[in-house]
Amino acid sequence: MRIYFAPLEGITGYIYRKAYEELYGHVDKYFAPFVSPAENCALTPKERKDLAPENNKCGYLVPQILTCNSGYFIDAAKAIGELGYKEVNLNLGCPSGTVCSKGKGAGFLPETDKLRSFLDDIYAYGDAHGVKISLKTRLGFYNPDEFYDLVEIFNQFPVSELIVHPRIRTDYYKGEPRQEYYAYALEHAKCPLVYNGNIFAKSDYDSLCGKLSHEVDTIMLGRGLIANPSLINELTTGNTEVDYNSFWKLHDTLYNEYQKVMAPDINVLFKMRELWTYWRSLFDGEDRTIKQLLKAKKYAEYEAILSNLR
């Protein structure tokens, strides 16, 4: 089984990726949170820092690009290439209202003529410069049946991998993924496929394979892997026990590293608060303590509450 780590904006930056790789590992590809190029700005300083080779000793990293302008995509791909990367990923799945209103992410999916022209441009660039381009997509914007036309479009290009999150834009991350459409992709897509969506435990993976009557050999994990950093071990060995020793090492590494690059206390604690919205599932019966933790405004307060969980 090949396992990819999905990009989560604001969470899986270089500090998180490095810490996770050192403590857990076994990730075949990490995907960086998207860069959003603009006119005369292929990469912001913050984006360059996140992708800088010296900050990414975490194995194989794929930068992700979010845009509906092929010129901007190519500019970003060139800048990313100058950092040493030979593969990039196009985000066609982000359901955010502000993103979709600009025709980006999942908002690009209904514009099939424009999308086809865009892909023609970027794959011509990729072919000429030896850059692999993968796609991360939803099934569609309004209706999952849009996926049938999208697969036909994608089949016209040398897509290095097609990562399918089987929901439409209006699903956001709610409800069950429409896995029957992934089954359609298995039959009709010409490129390698990656499944993404609602894998939170080995039972979810086993259920997926059962529904498809097909063993899924490459999966992308996002929210599930943040919520349970031991998930890869569960998937590969069947051991459902959470490795709390490694978890606390991960927590402490992130907490300390964020303090080196951020100030004041509240900014670091906001980052930790975001992580705890996922991690709270590891601490059944501790809701009151977790709620207190989420309200902490100073390091001393945070650390005192934390001592009740260890």
| task | Please figure out what share of the DSSP beta bridges in the chain is antiparallel and state it in percent, rounded to the nearest 5. | result | 5 percent
| note | Where a ≥ b ≥ c are root eigenvalues of the Cα gyration tensor, a/c under 1.5 meaning rounded, otherwise prolate if a/b exceeds b/c and oblate otherwise, segment 156-217 counts as oblate
| field | segment 243-309 - percent of accessible surface contributed by carbon and sulfur, probe 1.4 Å | value | 49 percent
| Convex hull volume of the Cα atoms in the chain, per residue, in Å³? | 134 Å³
| task | For segment 57-103, just say rounded, prolate or oblate: build the C-alpha gyration tensor, square-root its eigenvalues into a ≥ b ≥ c, call rounded for a/c under 1.5, and beyond that prolate if a/b exceeds b/c, oblate if not. | result | oblate
| message | 7 Å from Cα along Cα→Cβ at both ASP217 and SER281: what's the point-to-point distance in nm? | response | 2.8 nm
| message | Report, in listed order, any pair from LYS102/LYS297; LYS260/LYS297; LYS86/LYS136; LYS18/LYS211 with a Cα-Cα distance greater than 28 Å. | response | LYS102/LYS297; LYS18/LYS211
| request: Would you kindly give the portion of the calculated P(r) for segment 189-310 that falls above 25 Å, as a percent of all Cα pairs? | output: 36 percent
| What FRET efficiency would be calculated for the residue pair ASN256, GLN292, taking the C-beta separation as r and a Förster radius of 22 Å, to the nearest 0.05? | 0.55
| message | Suppose each label sits 7 Å from its Cα in the direction of the beta carbon; what would the LYS190-GLU22 distance come out to in nanometres? | response | 4.5 nm
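Can you give me the Rg/Rh ratio for segment 249-310, using Cα atoms for both radii and the Kirkwood formula for Rh?
0.93
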| message | I need the semi-axes of the equivalent ellipsoid of segment 126-236: take the C-alpha gyration tensor, multiply each eigenvalue by 5, square-root it, list largest first in whole angstrom. | response | 24, 17, 14
| note | Taking Rh as the Kirkwood radius computed over alpha-carbon pairs of segment 88-152 and applying Stokes-Einstein at 10 °C with viscosity 1.306 mPa s, one gets a diffusion coefficient in µm² s⁻¹ of 130 µm²/s
| request: Would you mind working out the accessible area per residue for segment 67-126, using a 1.4 Å probe, and quoting it in Å²? | output: 38 Å²
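Where does the chain land at 222 nm, in deg cm²/dmol rounded to the nearest 500, when only DSSP H runs of n ≥ 4 count, each adding -39500 (n - 2.57), divided by all residues?
For the chain, the value works out to -14000 deg cm²/dmol.
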| Tell me, what is the per residue accessible area of segment 198-243 in Å², probe radius 1.4 Å? | 44 Å²
| said: Quick check: at a probe of 1.4 Å, how many percent of the accessible area of segment 90-228 sits on carbon and sulfur atoms? | reply: 47 percent
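The values are calculated or read from the model by the stated rules, or taken from the named source; none is laboratory data. Note that the structure is predicted; figures quoted are calculated from it, not measured. Cβ: placed from backbone, ideal geometry, glycine included. Neighbour counts: every protein chain shown. Surface accessibility is based on the protein's heavy atoms, side chains included, excluding ligands, DNA and RNA. Shrake-Rupley method; radii C 1.70, N 1.55, O 1.52, S 1.80 Å.
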